[in-house]
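What follows is a short report on a single structure.
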Amino acid sequence: MTYAEADLVPLSALQHYMYCPRQCALIHVEQVWVESGLTAEGRILHDRVDAGGAEKRRDVKRAFGLPIRCLRLGLVGKADVVEFHRQAGGRWLPYPVEHKRGRRKREDWDRVQVCAQALCLEEMLGASIPAGAIFYGETRHRLEVVFDAGLRRETEETARRAIALIAAGRTPPPVYEKRCKSCSLLADCLPKTMQKRRTVESYMKRMLGES
């Protein structure tokens with residue numbers, strides 16, 4: 001399957017979906033967005049790389065804020081930084097580098113996002129990209145990410161699920177978890193309130209059904 005340009009979904013939807021499908025729908029279906037201190041720091045960090053431009057140092061070229069897309073997966077967005085490393089014979093190998101405000105996570109959210117960028121670049125450039133990296137601003141550390149078969153499968157499956165969720169146009173019901181406390185959409189999502197409301201509605205339906 002190949003998606004039309006008009007039907008492409010932002011790359012950021014993959015990370016939103018992995019964090020919480022309801023958050024993904026609130027942002028990409030209902031167009032809800034609230035900037036917190038953390039998201040503001042992340043936006044400022046990305047503003048620096050999204051400004052565009054390029055530079056070259058010896059055997060490495062860097063392109064900043066590079067527009068990318070993958071028609072096969074239905075994704076579109078910008079790569080923070082794409083390095084091009086000179087190989088033997090003069091060939092330049094793409095190496096995406098995603099910038100994150102915080103520190104390394106246990107979950108695969110960030111690894112999937114940079115892998116999705118690699119899949120976009122592979123389609124656009126006809127190249128095979130074995131690895132990339134994530135730069136964490138809080139620790140000033142660069143983590144290399146190998147795009148192995150397992151990560152590629154996870155990335156493609158996440159893209160499929162996120163696109164299906166957005167295309168359905170329905171926001172999933174809330175499930176309150178510990179991570180909800182750090183979500184910038186907590187006041188709009190109201191997971192505790194909505195869960196209680198669903199419990200009351202289910203009780204009333206059950207009672208009416210019994211009567």
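Laboratory data are not the source of any read-out in this text; all were calculated from the coordinates shown. Since this is a predicted model, take the numbers as computed values, not measurements. Cβ atoms come from the backbone with ideal geometry, glycine included; neighbour counts cover every protein chain shown.
Apply the Karplus curve 6.51 cos²θ - 1.76 cosθ + 1.60, θ = phi - 60°, to the phi angles in region 118-133 and return the couplings in whole Hz, x for Gly and Pro.
Listing the rounded values in order: 5, 5, 5, 5, 4, 5, 6, 9, x, 10, 10, 10, x, 7, x, 8 Hz.
Considering just Cα atoms, how many Å³ per residue does the convex hull of region 48-111 enclose? The partial results should precede the final answer.
Values: hull volume 8.5 nm³, N = 64.
With only Cα atoms used, region 48-111 gives 133 Å³ per residue.
Given a Förster distance of 45 Å, report the FRET efficiency between residue 193 and residue 61 from their Cβ-Cβ distance, rounded to the nearest 0.05. Spell out each step's value before the answer.
Values: r = 51 Å, r/R0 = 1.14.
Result of the calculation: an efficiency of 0.30.
Would you please put 160-168, 77-85, 108-116 in order of how densely packed they are, using the mean number of other Cβ atoms within 10 angstrom per residue and starting with the highest? Don't jump to the answer; show the numbers that get you there.
Numbers: 160-168: 16.8, 77-85: 19.9, 108-116: 22.4.
Most protected by this proxy first, the peptides run 108-116, 77-85, 160-168.
So for the pair residue 128, residue 32, with labels modelled 7 Å out along Cα→Cβ, what separation do we get in nm?
Roughly 4.5 nm, to one decimal.
Through the Karplus equation 6.51 cos²θ - 1.76 cosθ + 1.60, θ set to phi - 60°, convert the phi angles of region 10-22 into ³J(HN,Hα) values in whole Hz; use x for Gly and Pro.
So the J values, rounded to whole Hz, are x, 4, 4, 4, 5, 5, 4, 5, 5, 5, 5, x, 5.
Based on the alpha-carbon gyration tensor of region 73-183 and its eigenvalue square roots a ≥ b ≥ c, which shape applies: rounded if a/c is under 1.5, prolate if not and a/b is larger than b/c, or oblate?
Oblate, because a/c is 1.5 or more while a/b does not exceed b/c.
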